[in-house]
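Colleague: Attaching a single structure in structure tokens format; questions to follow.
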Amino acid sequence: MRKAVCPGSFDPVTNGHLDVFARASKLADEVVIVVAVNKNKSGTFTLEERMEMLREVVSPYPNIRVDSFMGLLVDYCKTNDVQAIVKGLRAVTDFDYELQMAQMNYRLTEIETLFVSTNPIYSYLSSSLIKEVATYGGDINGLLPGTVQERLLTRIAENKK
Ligand code: PNS
């Protein structure tokens, strides 16, 4: 069985991420969305909240599930018998860093990284940019799954109190 991971912070998951997950689900028998635990960085959403939102949005895909990991991604992959890492490439600006990580991960355990070219309608999206626009009242309709958008707007309103 071919197993792949889509790793990231997903704070929160965007429609761009979702597009990559859907495409990865056609390439592997099982896809695990793995949320990186970063002890030095407190996000907008807790790890549990991010995972809950991810589980909600991938529920239509029977071969996608959600997990988290701490430490090196390659260690998670080795322990869980994962053969490939699938990442979305939005633009050339992503390329240097993504290539560097792919090469380092290959050096560590010979795991392959597959790049999916992000759908152009989402190529400018990032969780942090959406959060910034939403914080200042900009229109973020269509950039996040509906329930995620609601939760983000609620969280921003709470943080302003
Ligand atoms: O969504 P992000 O924050 O761009 O995701 C980056 C992530 C989590 C995929 C990357 O930082 C990662 O793989 N971190 C785990 C630690 C690790 O394995 N570092 C070595 C990478 S070569």
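Colleague: Which entries in Lys26/Lys87; Lys3/Lys41; Lys3/Lys39; Lys3/Lys131; Lys131/Lys160 show an alpha-carbon gap greater than 24 Å?
Modeller: As for pairs spanning more than 24 Å Cα to Cα, those are Lys3/Lys41; Lys3/Lys39; Lys3/Lys131.
Colleague: Turning to a different aspect of this structure: Is the shape of region 83-161 best called rounded, prolate or oblate, per the rule: a/c under 1.5 gives rounded, else a/b larger than b/c gives prolate, else oblate, with a ≥ b ≥ c the square roots of the Cα gyration tensor eigenvalues?
Modeller: prolate
Colleague: May I pose another question? Are there DSSP H segments in the chain that both extend 15 Å or more along their axis (alpha-carbon positions) and score a mean Kyte-Doolittle hydropathy of at least -1.0? List them, or say none.
Modeller: The answer, listed by residue number, is 47-58, 92-109, 146-160.
Colleague: Measure off, as a whole percent, the carbon and sulfur share of the 1.4 Å-probe accessible area of the chain, all protein chains present.
Modeller: Accessible surface attributable to carbon and sulfur in the chain totals 52 percent.
Colleague: Name the long-range amide H neighbours of Tyr61: under 5 Å, sequence gap of 5 or more, or other chain; modelled H, no Pro or chain starts.
Modeller: none
Colleague: Ok, one more. Accessible area per residue of region 3-123 at 1.4 Å probe, in Å²?
Modeller: Per residue, region 3-123 has an accessible area of 54 Å².
Colleague: When the distances between all Cα atoms of region 3-123 are binned every 5 Å from zero, what whole-number percent does each bin get?
Modeller: Per 5 Å bin, starting at 0, the Cα pair percentages come out as 2, 11, 22, 24, 24, 14, 3, 0.
Colleague: Arranged from highest to lowest average of other beta-carbon atoms within 10 Å per residue, in what order do the peptides 57-64, 32-39 appear?
Modeller: 32-39, 57-64
Colleague: So what is the relative contact order of the chain, in percent, for Cα pairs below 8 Å that sit 6 or more residues apart? Before the final figure, lay out the partial values.
Modeller: Working: 228 pairs, mean separation 46.5, N = 161.
Dividing the mean separation by the residue count of the chain yields 29 percent.
Colleague: How do 90-98, 9-17 rank on mean C-beta neighbours within 10 Å, highest first? Please report the intermediate quantities before stating the final value.
Modeller: Values: 90-98: 12.1, 9-17: 22.7.
By packing density, highest mean first, the sequence is 9-17, 90-98.
Colleague: Work out, in µm²/s and without decimals, the Stokes-Einstein translational diffusion coefficient of region 29-91 at 25 °C, 0.890 mPa s, Rh from Kirkwood over C-alpha pairs. Show your work: numbers first, answer last.
Modeller: Details: Rh = 13.0 Å.
Estimated via Stokes-Einstein, D reaches 188 µm²/s.
The values are calculated or read from the model by the stated rules, or taken from the named source; none is laboratory data. All figures in this text were calculated on a predicted structure; none of them were measured in a lab. Counting neighbours? That spans all protein chains shown, and the Cβs are built from the backbone with ideal geometry, glycine included. The protein model used for the area step is the full one, side chains on, heavy atoms only, and it has no ligands, DNA or RNA in it. Shrake-Rupley method; radii C 1.70, N 1.55, O 1.52, S 1.80 Å.
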